[in-house]
């Protein structure tokens, strides 16, 4: 008899409400701390709140992982109706969420399987959707977790921010680099490797020119890729900019589905307004 498996994910997966509903994914919110108050990511705080807070205070919000007890409560509630839970966590190199989920999972004697995505945003979301695919195919929860762990190193999680202001506020670039970027119109290619974000290279020029160079480079680098789906994930980019990137992705790739999603609070806090990424799994 086929097992009933519930797929869940940290809120940092940045999946749209429509996709969450379509694939029946349970979302566990991280915490966002602004002005001494704690909010639930995606529940009572959205990126526009972060933009407003940074503008008013010149400071970035901080984030906190769900506690072990919060994970226990979530897993316990789903195990009333399901045989097992596979939970997709944000990278353990950026949050203690995975560690907390693992501690919580021990209470459920092999029924809960946390997976360290080594990603964030829709890079993490891609693995959550793959988990749903595998569950529908009849894989066991252990097989799903093991397959995702083997796949996570092949997820392209990358972005190009419009400005370096948020990276500077977060201590990820110097004042000199910030000023130089503004003068020279530099836009970094932010990539994720081994679960950590880093600046892979820099593009020069207007943001649309840089985004074209970024998508061109992805197409050159990843000739073989999973055609099932791709995400264009952005933080308050204009519709014309997103449409141009989508058109270019359609020209250079052959994805069955291209989903446009809004970046959540974690990417927003790291990279700021005007950030855009094209995320997919490669082979």
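The values are calculated or read from the model by the stated rules, or taken from the named source; none is laboratory data. As the structure is a prediction and not an experimental result, all values here were calculated from the model. Neighbour counts run over all protein chains shown; Cβ positions are idealised from the backbone, glycine included.
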Problem - Subset of region 111-145 [within 12 Å of the chain's Cα centre (by Cα), outside any helix (DSSP H, G or I) and modelled with pLDDT of 95 or more] - result: 117, 118, 119
Exercise for the section: Go through (1) more than 21 Å from residue 127 (Cβ to Cβ); (2) loosely packed, with under 15 Cβ neighbours inside 10 Å one by one and return the number of the condition residue 60 breaks. Expected result: (2)
Handout entry: Matching option when the condition is in a helix (DSSP H, G or I), without any contact (Cβ under 8 Å) to a residue 24 or more places away in the chain and over 30 Å from residue 31 (Cα atoms), among 219, 213
Key = 213
Practice task
Could you list, in sequence order, all residues of region 1-40 that are farther than 21 Å from residue 137 by Cα and loosely packed, with under 12 Cβ neighbours inside 10 Å?
Solution key: 17, 18, 35, 36, 37
Completion exercise
Conditions (1) assigned to a helix (DSSP H, G or I); (2) modelled with pLDDT of 95 or more -> residue 277 fails only (1)
Completion exercise
In the set 248, 279, 252, the lone residue that is touching a helix residue (DSSP H, G or I) at 6+ places or on another chain (Cβ under 8 Å) and closer than 19 Å to residue 192 by Cα is 279
Fill in the blank from the handout: Of the residues in region 151-201, those that are modelled with pLDDT of 85 or more, outside any loop (DSSP other than H, G, I, E, B) and under 15 Å from the mean Cα position of the chain (by Cα) number 13
Practice task
Could you list, in sequence order, all residues of region 13-31 that are under 15 Å from residue 263 (Cβ atoms) and in contact with a helix residue (DSSP H, G or I) (Cβ under 8 Å, 6 or more places away or on another chain)?
Solution key: 13, 14, 15, 19, 30
Practice task
Within region 66-85, identify whether any single residue is without any contact (Cβ under 8 Å) to a residue 24 or more places away in the chain and in contact with a helix residue (DSSP H, G or I) (Cβ under 7 Å, 6 or more places away or on another chain), and answer yes or no.
Solution key: no
Completion exercise
Note on residue 250: of the conditions (1) at pLDDT 85 or above; (2) under 23 Å from residue 12 (Cβ atoms), unmet is (2)
Practice task
Return yes when residue 10 is in contact with a helix residue (DSSP H, G or I) (Cβ under 7 Å, 6 or more places away or on another chain), in the same structural domain as residue 94 (by TED's automatic domain parsing) and at positive phi and no when it is not.
Solution key: no
Completion exercise
Residue count, region 229-266, condition touching a residue at least 12 places away in the same chain (Cβ under 8 Å) and not in a strand (DSSP E or B), comes to 19
